[in-house]
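Trainee: Sharing a structure here in structure tokens format.
Bear in mind these aren't lab numbers, they're just calculated from the coordinates by the rules spelled out. Since this is a predicted model, take the numbers as computed values, not measurements. Here the Cβ positions follow ideal geometry from the backbone for every residue, glycine too, while neighbour counts run over all protein chains shown.
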Amino acid sequence: MGYNVAIDGPAGAGKSTIAKRVAKEKGFIYVDTGAMYRGMAIYFLEQKISPDEKEEIAKACQNAEVSIAYEDGEQQIYLNGKNVTALLRKEEVGKMASISSAIPEVRQKLLSLQRNLAKEKDVVMDGRDIGTNILPDADVKVYLTASSRTRANRRYLELREKNVDCNLDEIEREIIARDERDMNREIAPLKQAEDAILIDSSDLSIEEVTEKILELCK
Ligand code: C5P
């Protein structure tokens, strides 16, 4: 069994930035499970399935194989043997992932991939159900959150940086809708594990949060 650090929380709380830093400091592997759900979502979009066709999505799962590899330390997502990493952050992919991740067949498909990675290696794994469901015995569990306004604002600044036209209120509404879907689904909903440490990053810097988690790993 590897040393396992589980970081869960809502979208935009800074999980991936922080998890990457912690992994780098510790020499662990960073596993981004959201990217796996996004990889599956690309398949459904390619098949021209719409997010509300739940049965179609469940069926299509049989033909979607997601795997990961590391190139220069960066996680790459392969979908049926093709590297789809460059497509993962697209808006439509995120939207599809947020909806299709509630479907049991989709989650089942990724469960053993995630557990096996943690079994073999020292990992920092981030997602929504890592501490509660995927790695209930993780050595360190963190629930990282921030207010929806803070999270929306971070996203807004990111988009503005890329010269994307956007609206803060709209981004916040979308973030709240995503939280609701993640927290209220029947299977593996987003919630803080009983033994997870709560960190609210609203008023903390990336360095401060990273430091706190590294402290927990000692
Ligand atoms: O974290 P990220 O935004 O990349 O995740 C994409 C979607 O995948 C989320 O909106 C969430 O619904 C889903 N997800 C999940 N369980 C995880 C990781 C992500 O349901 N462990």
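Trainee: GluC sites (Glu not before Pro) within the stretch 125-208: which are DSSP loop residues with at most 13 other Cβ atoms inside 10 Å? Walk me through the intermediate numbers first.
Mentor: On the way: sites: GLU158, GLU161, GLU170, GLU172, GLU174, GLU180, GLU186, GLU194, GLU207, GLU208; in loops: GLU186, GLU194.
Hits after loop and neighbour filter: GLU186, GLU194.
Trainee: Want the number for ARG160 to GLU74: 0.36 nm per residue separation, take away the alpha-carbon distance, what's left?
Mentor: Numbers: separation 86, 0.36 × 86 = 30.96 nm, distance 2.49 nm.
My answer for the length gained is 28.5 nm.
Trainee: With the radius of gyration and the Kirkwood radius both derived from the Cα set of the stretch 34-120, what is their ratio Rg to Rh? Kindly include the intermediate steps, with their values, before the conclusion.
Mentor: Numbers: Rg = 12.3 Å, Rh = 12.9 Å.
Here Rg/Rh amounts to 0.95.
Trainee: Next up: In whole Å, how far is the Cα centre of the stretch 113-135 from that of the stretch 198-218?
Mentor: 20
Trainee: Now for a different question. Got a sec to turn the phi values of the stretch 28-36 into Karplus ³J(HN,Hα) couplings, 6.51 cos²θ - 1.76 cosθ + 1.60 with θ = phi - 60°, whole Hz, x for Gly and Pro?
Mentor: With the stated coefficients, the stretch 28-36 comes to 9, 8, 8, 10, 9, 6, x, 5, 5 Hz.
Trainee: Using the basic label-point model (7 angstrom from Cα toward the beta carbon), what is the ASP52 to TYR3 distance in nanometres?
Mentor: The modelled label-to-label distance comes out at 4.9 nm.
Trainee: May I pose another question? For the stretch 65-116, what class follows from the C-alpha gyration tensor (a ≥ b ≥ c being the square roots of its eigenvalues): rounded when a/c is under 1.5, otherwise prolate if a/b is larger than b/c, else oblate? Walk me through the intermediate numbers first.
Mentor: On the way: a/c = 2.12, a/b = 1.18, b/c = 1.80.
Here the stretch 65-116 falls in the oblate category.
Trainee: Here's another thing I want to ask about it. Under 25 °C and 0.890 mPa s, how fast does the chain diffuse according to Stokes-Einstein, given a Kirkwood radius computed over C-alpha pairs? Answer in µm²/s, whole number.
Mentor: Values: Rh = 17.6 Å.
Answer from the Stokes-Einstein relation: 139 µm²/s.
Trainee: Here's a follow-up. For a label point 7 angstrom out from the Cα of GLU211 toward its Cβ, which stretches of the stretch 118-144 have the backbone nitrogen within less than 14 Å?
Mentor: none
Trainee: Would you please give the residues with an amide H less than 5 Å from that of ILE29, counting only those at least 5 places away or on a separate chain, with H modeled from the backbone geometry?
Mentor: ASP122, VAL123, VAL124
Trainee: Next up: Sorted by mean Cβ packing within 10 Å, highest first, what order do the peptides 122-131, 14-23 take? Could you put the intermediate results ahead of the total?
Mentor: Numbers: 122-131: 26.3, 14-23: 21.7.
Per-residue mean Cβ counts within 10 Å order the peptides as 122-131, 14-23.
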